[in-house]
1. Just to be sure I understand: with springs between alpha-carbon atoms less than 10 Å apart, which residue in ASP117, ASP87, ASP164 has the highest mean-square fluctuation in the Gaussian network model of the chain?
2. For region 25-58 and region 68-85, what is the separation of their Cα centres, given in Å?
3. Multiply the residue separation of GLU146 and ARG126 by 0.36 nm, subtract the distance between their alpha-carbon atoms, and state the gained length in nm to one decimal.
4. Can you put TYR303, TYR112 in order of Cβ neighbours within 10 angstrom, beginning with the fewest?
5. With each label point set 7 Å from Cα along the Cα-Cβ vector, what nm distance links LYS236 and ARG259?
6. Over region 261-388, calculate the relative contact order: mean separation of alpha carbon pairs under 8 Å at least 6 apart, over the residue count, as a percent.
7. Compute the distance in nm between two label points, each set 7 Å from the Cα along the Cα-to-Cβ direction, one at HIS293 and one at LYS336.
8. For the chain, what is the relative contact order in percent, using Cα pairs closer than 8 Å and at least 6 residues apart in sequence?
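Derivation of every value follows stated rules applied to the coordinates shown; laboratory data play no part. Computed from a predicted model, the values in this text were never measured in an experiment. Please note: Cβ atoms are built from the backbone with ideal geometry, for glycine as well, and neighbour counts cover all protein chains shown.
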Amino acid sequence: MKIPQGFQELSKEAAKQISGFRKALIISHDDADGLSSASIAIEGLRRVGIESEFFCLEKVFPEVLARVHSRKGELIIYCDIGSSHSDLIGELDCSRNTVIILDHHEPAGGNYDNVFDLNLERWGIRGEAEFSGATCCYLFFKLMREENWDLSYLAVVGSLEIPDGFRGINGDVLKEALDRGVVIRKKSKLYVKKLGIGCEELFSILQVLGAAGYYSGGPRLGIRACLNGIDEEVGKFLKEVEELRKKANRRMLAILSKRGLRKEGRVQWFSTGKIYEGMGTKVIGQFCSFLAHQRKLIDQDKYIVGFMDVPSSIPGFGNLSEKYVKVSVRVPEGLKRRIELGELKSAVHLLLEASREVGGIADGHQFAASAILPKRKEDEFRKRLIELA
Ligand SMILES: [Mn+2]
């Protein structure tokens, strides 16, 4: 396996710092890769006698960063999140804590002695194709302690979020997991040997636990599923969450079929009201993707935009002081070509521009993007979005 020299050296330095701590705070992304990543970190630290506190985030709220980094003398580890805000993290932290970032999203840079950003993108490896957050976590914890090779299955599970298969370092990690018998291949499907579960299956379960189950203890069960497999409680919880989400989707669809979406300029939009109450805000993105294929309901020449209020607490962290709204954008078939030709803005550019002006944070891709912004700015934002589109 070819692991960049720079990554190895910085990892060594960061690992040396870790040995001085007895507890750590782990912050991860709330999707399957994030939960796989956090599981590697929690287990990797437990093996060297470090207790972990953990919470996960769908998006990096600056006010959360500010509060986390007002702590002092602690070890804070970001998994599958954080690299895009490494500069802000360094600035807010003021060298009070030791911070390690194990992520594969676009790194922000910044140069702070106490912030170890181990994103492999910094050494020219592509985070959207060749490694996941979980792979980054795995490589770090294996460099720290060779015996952690048995956690390679979690890197394999997290890496399933990358659409074009196991390439580059991800390919090497998969090969290692197969060679050592941690992951086995049966009829071209991958299984986690010690848990007796398919890698794809575990991945899909984690996606549901982290998203729809976000506010009801899903992430914690996800970590348990990663390390110990699917027990009865996880199974029951999954069923309930899936059922709730399906019901909510049906209600939302019924309402939109009756009333239609609001339309103005090149935008068609709706708000979820209380329909998805108690569920993580990823559900709105999933619903918008579904909506994009409902030809009877959707205008083909308008961006699809959904609004959902963000609950005011972050499980495992505390309350947010500001009220936020989540915005999801999807592009219907009819607009895709014009975006590809550059005649219209991509979903992510549209959201980045419109949300920047109201103090929001956005990310995403050409045809799918999301943002979180202060609730009090929602109307202003919508006006701006319609103008920009
Ligand atoms: Mn990821």
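1. Residue with maximal mean-square fluctuation among ASP117, ASP87, ASP164: ASP164.
2. Spelled out, the Cα-based centre of one part sits 12 Å from the other.
3. Details: separation 20, 0.36 × 20 = 7.20 nm, distance 2.46 nm.
Length gained, GLU146 through ARG126: 4.7 nm.
4. On the way: TYR303 26, TYR112 16.
Fewest-to-most ranking of TYR303, TYR112: TYR112, TYR303.
5. Each label point lies 7 Å from its Cα, and together they span 3.7 nm.
6. Details: 235 pairs, mean separation 28.4, N = 128.
Computed over region 261-388, the figure is 22 percent.
7. The modelled label-to-label distance comes out at 1.2 nm.
8. Working: 758 pairs, mean separation 45.3, N = 389.
Worked out over the chain, it gives 12 percent.
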